[in-house]
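First comes the structure, then the notes that go with it.
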Amino acid sequence: MMEDKQLISELLEAFVDKFGSTPQHLFHSPGRVNLIGEHTDYNDGFVMPMAIDYGIWFAVTPRHDTQINLHSLEFETSCHFDLKRFNKGKQFWGEYVKGVAWALQEAGHKLTGWDGYVVGNIPKGAGLSSSAALEVGIAKIFSELSNLNLAPEELATRGQLAENKWVGVNCGIMDQMIIAAGKKHHALLIDCRDLSYKHVPIPSGVSVVVMDTATRRGLVDSAYNERREQCQRAADFYKKSVLRDVDLAQLAEEPQLTGDEFKRAKHVVGENARALDGAKALADNALAEFGALMKQSHTSLKDDFEVSSPALNSIVEIAQATDGCFGARMTGAGFGGSAVALVEFDKVTEFCDSVAQKYQKATGLRANIYSSKAAQGTHKLY
Ligand code: GLA
């Protein structure tokens, strides 16, 4: 993986080559990993993700008109449009840019044009939210250049709207919120009902390790939508608008709900409690307790929510059995992509090597494993 400094210098050079002057601004937008609280956001529940070291950089200069010209160093493709009139095009990264412009204009914001160059190093399809990083980054650029002064919550909801209604992916709000509101050295406990949040310090004695299984699943969207529908049917059964309002006692007292809907509800209700307990455990430096909650979360995602995969189960089992690990679980939507582990700081190098070796032996796949510090959310560097 290329160093940040090198990526930035290549980005600045490309900008100068293209536009003939140095960019006025540099923005950064991180990827994310979720520590606990999975498939709870669209049930108005609790999540606790953190922003990671991998991210996207944008070199930008404002224009005096309404043109947007953005080039990608990574994909060697461009996105051009006029903010006064633009339509949906074929699906590629530029649709996220247009979608965010549309979502901001829908809210009545007056936007100015800009020239930009973009580069990123978030592994694609690894479940580390490269799309949300792009959306929130674009929203932040518009906010700064058009003097909108948008709060993290609005950057996040506009990004989500772009993804839901312009790109057509039915995601929740977790990814955009952590990317917009992340803080260095902290995880973020988010109440997805009202978007209130609390920064939770990550103790200095631990490392967060991201383990990309090197597997990708094509049908994530349809399975994701199916899970959302099942959750809604379960909430309807309990006569609540969302599963957030169902508790463990109600699940036990009303045993008529069975099958998949019951299992989905059981996961969501349990996972909401685990996210709240997890935030408290992390704040108290109770790492063994936090690790135990991660293990329970994985089991519940595997058996009750049924969104894990053989590769994810394999890497999680290996991680959990490796020296220095407090706990591990799959992270993100599931079916492939990444898992996350909490590991003793002093043992992290050996942990990463050992898990990579054992995983390759078990599956024949080469995982991309690295420890990440909790990073700052989307911001302007200058
Ligand atoms: C994806 C979605 C999020 C969230 C997770 C599962 O990352 O984008 O909104 O639902 O899956 O927790």
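We did not get these values from a lab; they are worked out from the coordinates using the rules stated. Bear in mind that the values here come from a model prediction, so they are computed numbers and not experimental data. No Cβ is skipped: glycine too gets one built from the backbone with ideal geometry, and neighbour counts run over all protein chains shown.
Highest GNM mean-square fluctuation among 286, 252, 133, for the chain modelled with Cα contacts below 10 Å: 252. Here the residues 227, 216, 329, ranked from fewest to most Cβ neighbours within 10 Å of their Cβ, fall in the order 216, 227, 329. Between residue 306 and residue 323, the modelled labels are 4.0 nm apart [label points 7 Å from Cα along Cα→Cβ].
Counting beta carbons within 10 Å around each of 19, 75 and listing the fewest first gives the order 75, 19.
Couplings for the range 42-48, taken from phi via the Karplus curve 6.51 cos²θ - 1.76 cosθ + 1.60 with θ = phi - 60°, read 7, 9, 6, x, 10, 9, 9 Hz in order; Gly and Pro are left as x. One compactness figure for the chain is 0.98, namely its Cα radius of gyration divided by 2.2 N^0.38 Å. Exposure proxy ranking for 338, 300, 241, 371, based on other Cβ atoms within 10 angstrom of each Cβ and starting from the fewest, stands as 241, 371, 300, 338. Multiplying the residue separation of residue 63 and residue 373 by 0.36 nm and subtracting their alpha-carbon distance yields 108.1 nm. The mean sequence separation of alpha-carbon pairs under 8 Å and at least six residues apart, normalised by the residue count of the chain, gives a relative contact order of 23 percent.
Taking Cβ atoms as reference points and 11 Å as the exclusive limit, the residues near residue 323 contribute a net charge of -2, counting Lys and Arg as +1 and Asp and Glu as -1. A simple spin-label model places the labels of residue 366 and residue 21 4.5 nm from each other, with each point 7 Å out along Cα-to-Cβ. Positive contributions from Lys and Arg (+1) and negative ones from Asp and Glu (-1), summed over other residues with Cβ under 13 Å from the Cβ of residue 59, come out at -2. Protection proxy ranking for 343-350, 270-277, using the average of other Cβ atoms within 10 Å per residue and placing the highest first: 270-277, 343-350.
Other residues within the sphere of radius under 13 Å centred on the Cβ of residue 259, judged by their own Cβ, net out at 0 (K and R +1, D and E -1). In terms of its C-alpha gyration tensor, the range 94-253 comes out prolate, because a/c is 1.5 or above and the ratio a/b outweighs b/c. Each part gets one Cα centre, and for the range 87-162 versus the range 254-271 those centres are 36 Å apart. Under the shape rule built on the C-alpha gyration tensor, where the axes satisfy a ≥ b ≥ c, the range 206-372 is oblate, since a/c reaches at least 1.5 while a/b does not exceed b/c. The packing ranking of peptides 170-179, 147-156, highest mean first, is 170-179, 147-156, where packing means the average number of other beta carbon atoms within 10 angstrom of each residue.
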